[in-house]
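The values are calculated or read from the model by the stated rules, or taken from the named source; none is laboratory data. Model, not experiment: these values are computed from the prediction. Backbone-built Cβ (ideal geometry, glycine too); neighbour counts: all protein chains shown.
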Amino acid sequence: MKTILFFCISSALLTTSIFLTGCAAGGDSGTPQTQTSDNSSGEPAAALAVAHWVKGESVDVSSGVHVVEFWATWCPPCRTSIPHLTELQEKYADRGVNIIGVSDEKLATVEAFVKKMGDKMAYTVAIDAGATSKGYMSKYGINGIPHAFVVKDGEVVWHGHPMAKLEAAIEDALK
């Protein structure tokens, strides 16, 4: 009986830690990392190098406010953040904000997932051609997903976990 109880508690703690820290992509911790900067001192944002636009139209991040979010269908914290991203897209769409979910998975995998999600995933979704991830995730030393970047007029003005202060970062970028 004690063995079963120990197993259940251990499993619950492990599952909780995965949900809270994110999914590691490449072996390092998925610990959320955040950078903020004022609107005039952001690093140049990489152009989106997209192999396929799964949902929505192509997006040019050189002007306006955008959220480029890296995720995967197999990542529980990524799936948990989808309703939040949909809510933010709906809230800020009339102010020109575009949320773009970028995955490096196979097209068929992402298409099936997006189709299943339907309106619950109401933002643009793209398959990375390779350079987008390098221009954002690698450039900032980020190895865990989900991870979002707020881009204003072609500059990264914030990055971090999409469930942590993303809305405030969007509001700041819209000022």
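Here's the yes/no breakdown for (1) of a type in the set (Gly, Ala, Ser); (2) at pLDDT 95 or above:
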position: Thr109; (1), (2): no, yes
position: Ala122; (1), (2): yes, yes
position: Gly135; (1), (2): yes, no
position: Pro162; (1), (2): no, yes
position: Ala173; (1), (2): yes, yes
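Hey, any hits in region 89-105 for a residue that's touching a residue at least 40 places away in the same chain (Cβ under 8 Å), part of a strand (DSSP E or B) and aromatic (Phe, Trp, Tyr)?
no
Could you list, in sequence order, the residues of region 50-83 that are in contact with a strand residue (DSSP E or B) (Cβ under 9 Å, 6 or more places away or on another chain), assigned to a helix (DSSP H, G or I) and among the polar types (S, T, N, Q)?
Scanning region 50-83 gives a single hit, Ser81.
Can you pull out every residue in region 153-175 that is in a strand (DSSP E or B) and under 22 Å from Cys78 (Cα atoms)?
Selection gives Val156, Val157, Trp158, His159, Gly160.
Of the residues His52, His84, only one is surrounded by fewer than 21 Cβ atoms within 10 Å (Cβ to Cβ), within 12 Å of the chain's Cα centre (by Cα) and not charged (D, E, K, R); which?
His84
When you scan region 124-144, how many residues do you find that are in a helix (DSSP H, G or I) and of a type in the set (A, V, I, L, M, F, W, C)?
Count: 2.
Looking only at residues that are among the aliphatic types (A, V, I, L, M) and out of contact with any helix residue (DSSP H, G or I) (no Cβ under 9 Å at 6 or more places or on another chain) in region 50-99, which one is farthest from Ile145 (Cα to Cα)?
Among residues in region 50-99 that are among the aliphatic types (A, V, I, L, M) and out of contact with any helix residue (DSSP H, G or I) (no Cβ under 9 Å at 6 or more places or on another chain), the one farthest from Ile145 (Cα to Cα) is Ala93.
So that you can scan it fast, the table gives a plain yes or no per residue for (1) closer than 19 Å to Ala173 by Cβ; (2) not β-branched (Val, Ile, Thr):
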| position | (1), (2) |
| --- | --- |
| Gly56 | no, yes |
| Glu69 | yes, yes |
| Pro77 | no, yes |
| Ile82 | no, no |
| Gly96 | yes, yes |
| Ala131 | no, yes |
